[in-house]
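Visitor: Please read through the structure below; I'll follow up with questions.
The values are calculated or read from the model by the stated rules, or taken from the named source; none is laboratory data. Keep in mind that this is a model prediction, so the values were computed, not measured. Glycine gets a Cβ as well: all are built from the backbone with ideal geometry, and neighbour counts include every protein chain shown. Areas reflect the complete protein model, heavy atoms only, side chains present, ligands, DNA and RNA absent. Shrake-Rupley method; radii C 1.70, N 1.55, O 1.52, S 1.80 Å.
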Amino acid sequence: MGEKLVLAKWIVPSAYEKPIRDGGILIKDGFILDIGLGEELKVKYPNANKEVFKSGIIIPGLVNGHTHIPMSILRGIAEDLSLMTWLHQYIFPVEAKLKRDWVYWGSLLSIIEMIRSGITLFCDMYLFEEEVIKAVEEAGVKALVGEGLFDFPSPSYGPLEKGFELTESLLKNFQNHSLIKIAVCPHTLYTCSSETVKRCIKLTEKYGVKLHIHLSENQEEIKVVKERYGKTPIELLYDIGGVNENLIAVHGVKITPKEIELMAQAKASFVHCPESNLKLGSGIAPIPEVIKAGINLALGTDGPASNNDLDMFSEMRTASLIQKGVKEDPTVITAKDIFYAATEGGAKALGFSDTGKLAIGYKADLAVIDLSNHSLQPDYNPFALIVYTAKAGCVSHLMVDGRWIMKDYKILHIDEDMVIEQIDRIKTEVWEIIT
Ligand SMILES: [Zn+2]
């Protein structure tokens, strides 16, 4: 692959660096070889193929730190319910009859939505994850994926023992894949016993991979875990050896100051999913406290059935606004803090060390935000536009490993009409289960 010089009105390399006006990025073999002022790069690399975005902001590809993408097939199935009612009365009964091809088509539907939201990397926990992997490879995006493990039988692998076998075979098969990494995913501390979670921790140690788990999502979970073990969820996980650099702790809505300290000392990562937490009435996580403690923060949408979209721009805005509102202080969190969580913080949490920012030696994973969209004018402050104004549809181009996967709003490797057709069929089949 030859050298490619991508030029734009603005380049935003990372959350805490100054945006480059009239900047450029030199890309070769999927990596960023140089970054700086466009005019200087044009002189330095006269033979590079040039692509110019006169009215574009180039940002690092966004990282959706936690989701269940196949659940797009269940978007709108049950609304305005508590987490436990939503899960036990609606989601689990449909999932008990889940079909492999539903997961594949639901994944493609969600990946289309995520590409349009500037997402190049996401973290998924669900069932039939081999189908998610198939969709990821076809679309050309990146993902950390893992089969959701529960003590009760799963519609994909059956008894838990088979779930461990599946997880271990995925861990062996995807050790050096350029787009995909595998995580071990015990669902929660109330759907998995502490013995199950201990086995999961052992597996993460054996393969040096991430432990991806929902923790401290709402008051009901705290009550159940306390009744069963006499401890809060993160205290329990700490006591069984699961709070360390491998931990991706999702939600933490009810995290205590003591648990924040445990996570900070252990260098664990925290994924904040504000819109899902609001929609399910779980509460608001203490994010300024988490950042102040030095915990690596990522941002996620959670599944599209509890959000109900996969728009990381909207997630960034919500994450910021709710903290300002609840603390009655607009200075309590900045656009840059949130942008960090949606990019570099996410990549770090997911264990992808060469993406999440635009820097020499990093992978060319980037999104172009189209400033010709009227809602994005004028462009005094790129960070404010990205976090407080942009929306999913504002992204015109998306690149992963130096390869365009969306150009001029056209997604290159997915047949979008076919996906809509298949989703319509699946909707009829799901409807038969719940009516
Ligand atoms: Zn979740």
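Visitor: Between their Cα atoms, which of Lys44/Lys267; Lys258/Lys363; Lys134/Lys226; Lys142/Lys206; Lys254/Lys410 are more than 32 Å away from each other?
Guide: Over 32 Å apart, Cα to Cα: Lys44/Lys267; Lys258/Lys363; Lys134/Lys226; Lys254/Lys410.
Visitor: Compute the relative contact order of the chain as a whole-number percentage, counting only Cα pairs closer than 8 Å that sit 6 or more residues apart in sequence.
Guide: It comes to 21 percent, rounded to a whole number.
Visitor: Continuing with this model, one more query. Find how much the distance from Lys336 to Asp424 grows on full extension, using 0.36 nm per residue of separation minus their present alpha carbon separation; answer in nm with one decimal.
Guide: 27.7 nm
Visitor: Let me ask something else. Please give the helix 194-207 orientation as an angle from the longest Cα principal axis of the chain, in degrees from 0 to 90, rounded to the nearest 10.
Guide: Long axis of 194-207 versus the principal axis of the chain: about 40 degrees.
Visitor: Here is a follow-up. On a C-alpha basis, how far is the centre of segment 50-108 from the centre of segment 328-390 in Å? Whole number, if you could?
Guide: Spelled out, the Cα-based centre of one part sits 21 Å from the other.
Visitor: How much accessible surface area, in Å² rounded to 10, belongs to the heavy atoms of Trp404 with a 1.4 Å probe?
Guide: Result for Trp404: roughly 20 Å² accessible.
Visitor: To the nearest 0.05, what FRET efficiency results for Tyr388 and Lys223 with a Förster distance of 51 Å applied to their C-beta separation?
Guide: Efficiency computed from Cβ-Cβ geometry: 0.90.
Visitor: Express the carbon and sulfur contribution to the solvent-accessible surface of segment 62-350 as a percent, rounded to the nearest whole number, probe 1.4 angstrom.
Guide: In segment 62-350, the share of accessible area belonging to carbon and sulfur is 51 percent.
Visitor: While we're here: Using only Cα atoms, figure out Rg for the chain and give it as a multiple of 2.2 N^0.38 Å.
Guide: The reported ratio for this selection is 0.95.
Visitor: Still on this structure: So, in nm, how far is label Ile240 from label Asp329 when the simple model puts each one 7 Å beyond its Cα toward the Cβ?
Guide: Placing both labels 7 Å beyond Cα along the Cβ direction yields 3.6 nm.
Visitor: Averaged over every viewing direction, what's the projected area of the C-alpha convex hull for segment 285-433? Give it in nm², one decimal, please.
Guide: Details: hull surface 47.8 nm².
Over every viewing direction, the Cα hull of segment 285-433 projects on average to 12.0 nm².
Visitor: Above 20 angstrom, tally the Cα pairs of segment 86-162 and express them as a % of all pairs, no decimals.
Guide: 34
Visitor: Could you work out the local net charge near Glu131, counting Lys and Arg as +1, Asp and Glu as -1, over the other residues with Cβ closer than 13 Å to its Cβ? Provide the component values of the computation, followed by the final result.
Guide: Details: positive: Lys99, Arg100, Lys134; negative: Asp101, Asp124, Glu129, Glu130, Glu137, Glu138, Glu147.
With Lys, Arg at +1 and Asp, Glu at -1, the neighbours total -4.
Visitor: Same structure, new question: For segment 302-384, state which GluC sites (Glu not before Pro) are in a DSSP loop and have at most 16 other beta carbons lying within 10 Å of their beta carbon.
Guide: Glu328
Visitor: A further question on this structure: Tally the DSSP beta bridges in the chain and give the antiparallel ones as a percent, rounded to 5.
Guide: So the antiparallel bridges in the chain amount to around 45 percent.
Visitor: Next up: Angle, helix 257-266 long axis vs. longest principal axis of the chain, Cα atoms, 0 to 90°, nearest 10?
Guide: 60
Visitor: Per q in 0.14, 0.16 Å⁻¹, report the Debye log10 I(q)/I(0) for segment 329-400, using one uniform scatterer on each alpha carbon and no solvent.
Guide: At q = 0.14, 0.16 Å⁻¹ the computed log10 ratios are -0.52, -0.67.
Visitor: Give me the number: length gained by fully extending Lys99 to Lys18, i.e. 0.36 nm times residue separation minus the C-alpha to C-alpha distance, one decimal in nm.
Guide: 24.4 nm
Visitor: May I ask you to give the solvent-accessible area per residue for the chain, in square angstrom, as obtained with a 1.4 angstrom probe?
Guide: Accessible surface, normalised per residue, equals 38 Å².
Visitor: What is the gain in length, in nm to one decimal, between Gln377 and Gln89 on full extension, counting 0.36 nm per residue of separation less the C-alpha to C-alpha distance?
Guide: 99.1 nm
Visitor: Given the DSSP H assignment, sum -39500 (n - 2.57) over each helix run of at least 4 residues in the chain and divide by its residue total; what's the result at 222 nm in deg cm²/dmol, nearest 500? Let's see the in-between values first.
Guide: Details: 15 runs with 156 residues, N = 435.
Rounded to the nearest 500, it is -10500 deg cm²/dmol.
Visitor: Can you give the angle from 0 to 90° between the axis of helix 160-173 and the longest principal axis of the chain, with both taken from C-alpha atoms, to the nearest 10?
Guide: Approximately 20 degrees, to the nearest 10.
Visitor: Follow-up question, since we're still on this one. Radius of gyration and Dmax for segment 226-334's Cα atoms, expressed in Å?
Guide: Rg then Dmax for segment 226-334, in Å: 14.1, 40.
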